[in-house]
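Read the structure below first, then the notes.
The values are calculated or read from the model by the stated rules, or taken from the named source; none is laboratory data. Keep in mind the model is a prediction, meaning the values are calculated, not measured. Counting neighbours? That spans all protein chains shown, and the Cβs are built from the backbone with ideal geometry, glycine included. Note: accessible area is taken over every heavy atom of the protein model, side chains too, but ligands, DNA and RNA are not part of it. Shrake-Rupley method; radii C 1.70, N 1.55, O 1.52, S 1.80 Å.
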Amino acid sequence: MSHSPLAGLDWDNAFGRLPGDFYTRLAPTPLPEPYFVAASTTAAQLLGVDPDALRGPDVVEPLAGSAVLAGTDPLAAVYSGHQFGVYVPQLGDGRALLLGGARGSDGNLWELQLKGAGRTPYSRMGDGRAVLRSSIREFLCSEAMHALGIPTTRALAVMGSDAPVFRETVETAAVVTRMAPSFVRFGSFEYFYWRGEHEQLARLAGHVIDGFYPQCRDAGDGAAPYLALLREVARRTALLIAQWQGVGFCHGVMNTDNMSILGLTIDYGPFGFIDGFDAGHVCNHSDEQGRYAYGQQPAVAHWNLYCLGQALVPLTGDAETTQAALETYTDEYGKAIAEVMHAKLGLAATEPGDDALIDRLVGLLHDNRTDWTLFWRRLSRLRTDGEVDGGDGAARDLFADRAAFDAWTVDYRARLRREASSDAERAARMNRVNPKYVLRNHLAEVAIRRARGDGGEPRDFAEVERLLRVLARPYDEQPESDDYAKAPPAWAGGLSLSCSS
Ligand code: AMP
Ligand code: MG
C-alpha cells in the first residue's frame, strides 16, 4: 500500500457494488522502474490534488500500476459491442483497471482508471499494455477536447516505463490515468442483452439512471424511465457528434464499445483533426472501407444508438417505441449541427437559405482541400463591406479556386448585411467557437518523438508539457505559439495511424 497524496482521496466505488458478473477484481501488473511523463494541472485540481505532487514516486508508482493505492479496489469491467458492424460477444477492459470513484473538488464522483495496467480476463490476444506514443496522444487529446468545450473523458497523468511492448516495432510501455463520471459504454448493455441476462441489464440501467440521469425516473413507471434514458443518451450523443464535426475531429474507431453512455468522447486511438478538409477523410489506416470517415460519423452514431436501443428492448417493452425514442437523435443532431455551423459563420439569426449557403461552403472547402482550422479562424477577419477578401492571412488565400470562394463571399456578405452584423463583434464571437489550436497529428508526433528520445537523444517531456499548455487555451491568440497553429509541414504527409496502440 502506498501513502501518496492520492491516498487522501475520498473513494466510493459505486460500480464495484454491482454484482460480480459485471467485472473481475484484480490488481494491476507492476511496470518496472516507472517514471513521470506528464500530468494535467486542471484534472489534478478537479480531484483537489496538488499538481506538483504528482511527480513524486509515491504517485508515480500507483499511477503506473506498480503499487496499489490505499482505498482503491481495482477491477476490469466486462462489455461487448459491435466492431466495424460485427457483434463481438465479449470485449471488456482488456488493459484498463477501474480504481474506484473519488470525490472531486466539484463535489462529483470521478472514476479513475489506469489504461495499460496489464492483462485482465478480457485481454483476449492483447498484452494488456499501452505504448508511450498512444498514451501521450490520449492524454493530450483528452485535455485538448475538454479545453475546446467538448464532452470527454479526462486524463490526469501519464507514467512511462522502459518495459518493451511489441507492436509493429518494439516500443515502450506507459499508463494513462483517465477520469470520467462513468466508463459505461453502449457495449456494456449489449453484453447482457445478447446473453439474455435481462435482470443484469435492468441493474446496469438502474446504475446509470440513478447515478447520471436521475430525471429519467420522473418520466413515469414501467418502460418510461428507460425510454427517457434512451432519448437523453441520443440527445447527448447528437450534441457530441455535432461538436466533433464542428472542430473537424475524426474519432477513427466508433465501435459501440467506444460509445460512452454519458455522451463523452472516449477511447482515443487513431483519432485525428482534419487538416486539409475532405469530407471522406479516414484517420484510421486500418479502416479500409472508410466506415468511420469524418462524413460518416453522424450516421454511425445513429446506427450505434440503434444497437443500444435494441439492447434496451427487454426494458422498454417493444421495438417500435424504442425506435421512436431513437428518432430524438435525428432531430437533435439536425438542430445541433445547424447551431454549430451558424456559430462558426458568426451568424446570429437563421434564415431559410442558410443551409444552402453552408453546404456550398463545405463543398468548396472539400474541393480545395482547405485547411479546416485555419479557414474558420481567418474567416472571422472578412469585412462585410469589402469587395474581395485580400491581404495577408486572408481566408481567400487558402483556396486554389479563388473565384469560387469570392462568389460565395458575395452571398455571405449579403447575408451578414441582412442581420446588420458588426465586423468586430462577429469576429470576437467566431473566435470563441473556432479554435486557433487543435491537436494536429504532426504536433503530437513531434512531442512523442522527443518524449521517446528518438535518434538516441535523452527522453524529453518538455514538448508534451508545452503542447498541453497551448491546447489548454485553444481559442486564445497566443502569438508566441503561432507555429502550433500552422498547417502540417511536408514531412507530416506520411504519418499513418492504425488501431495498434
Ligand atoms: P479499442 O477499440 O482500442 O478501444 O479496443 C477494443 C478492445 O480491445 C477493448 O476491449 C480493449 O480493452 C482491447 N484491447 C486493445 N488493446 C489491447 C491490449 N494491448 N491488450 C489487451 N486488450 C486490448
Ligand atoms: Mg475501446
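Taking amide H as placed 1.01 Å from N in the peptide plane, the amide H of Thr265 sits under 5 Å from that of Thr152, Thr153, each at least 5 places away or on another chain. The lysines whose alpha-carbon is closer than 26 Å to the alpha-carbon of Lys436, local same-chain residues fewer than 8 away aside, are Lys335, Lys344, Lys486.
For the stretch 5-185, the relative contact order comes to 25 percent (Cα pairs under 8 Å, sequence separation of at least 6). At full extension, Tyr306 and Glu457 could sit 49.4 nm farther apart than now, given 0.36 nm per residue minus the alpha carbon distance. By definition, a body whose alpha carbon gyration tensor gives a ≥ b ≥ c is prolate when a/c is 1.5 or more and a/b is larger than b/c, and the stretch 135-282 fits this prolate description. Projecting label points 7 angstrom from Cα along Cα→Cβ for Gln478 and Glu199 puts them 5.3 nm apart. Just how far, in whole angstrom, is the stretch 281-317 from the stretch 202-237 if you go by their alpha carbon centroids? First find each Cα centre; the distance between them is then 21 Å. Mean separation of Cα pairs under 8 Å and 6 or more residues apart, divided by the residue count, gives the stretch 349-420 a relative contact order of 33 percent.
Annotation for Arg291 and Asp50: the two label points, set 7 Å from Cα along the Cα-Cβ direction, are 4.9 nm apart. Residue-wise HN-Hα couplings along the stretch 156-168, as the Karplus relation 6.51 cos²θ - 1.76 cosθ + 1.60 with θ = phi - 60° gives them from phi, are 7, 6, 10, 10, x, 7, 7, 4, x, 10, 9, 10, 4 Hz; Gly and Pro carry x. Measure nothing but the geometry: give the 0 to 90° angle between the long axis through the Cα atoms of 402-418 and the longest principal axis through the Cα atoms of the chain, rounded to 10°. Around 90 degrees separate the two axes. Amide H contacts of Ala130 (H built 1.01 Å from N, in plane; Pro and chain starts excluded): Ala174 sit under 5 Å, all sequence-distant by 5 or more or on other chains. With protein chains left intact and a 1.4 Å probe, residues in the stretch 1-145 average 36 Å² of accessible area per residue. Evaluating 6.51 cos²θ - 1.76 cosθ + 1.60 at θ = phi - 60° for every residue in the stretch 327-335, the Karplus couplings come out as 5, 3, 4, 4, 4, 5, 5, x, 5 Hz, glycine and proline recorded as x. Place a label point 7 angstrom from the Cα of Ala404 along the Cα-to-Cβ direction, then list the residues of the stretch 269-305 whose backbone nitrogen is under 12 Å away. Backbone N within reach: none found.
Residue ranges 136-144, 210-218, 28-36 sort as 136-144, 28-36, 210-218 when ordered by packing (mean number of other C-beta atoms within 10 Å per residue, highest first).
Counting only protein heavy atoms and a 1.4 Å probe, the stretch 187-339 has 36 square angstrom of accessible area per residue. Every helix of 4 or more DSSP H residues in the chain counts as -39500 (n - 2.57), and over all residues that averages to -12500 deg cm²/dmol at 222 nm.
In this structure the amide hydrogen of Ala102, modeled in the peptide plane, comes within under 5 Å of the amide hydrogens of Asp12, Trp110, Glu111, Leu112, none closer than 5 places in sequence on its chain.
For the stretch 452-501, GluC sites (Glu not before Pro) are listed when DSSP marks them as loop and at most 14 other Cβ atoms sit within 10 Å of their Cβ; the list is Glu477. 3J(HN,Hα) along the stretch 247-263, derived from phi through the Karplus expression 6.51 cos²θ - 1.76 cosθ + 1.60 where θ = phi - 60°, amounts to 9, x, 8, 10, 6, x, 9, 7, 6, 5, 7, 9, 10, 6, 5, 9, x Hz, with x in place of Gly and Pro. The stretch 27-75 and the stretch 433-501 have Cα centres separated by 24 Å.
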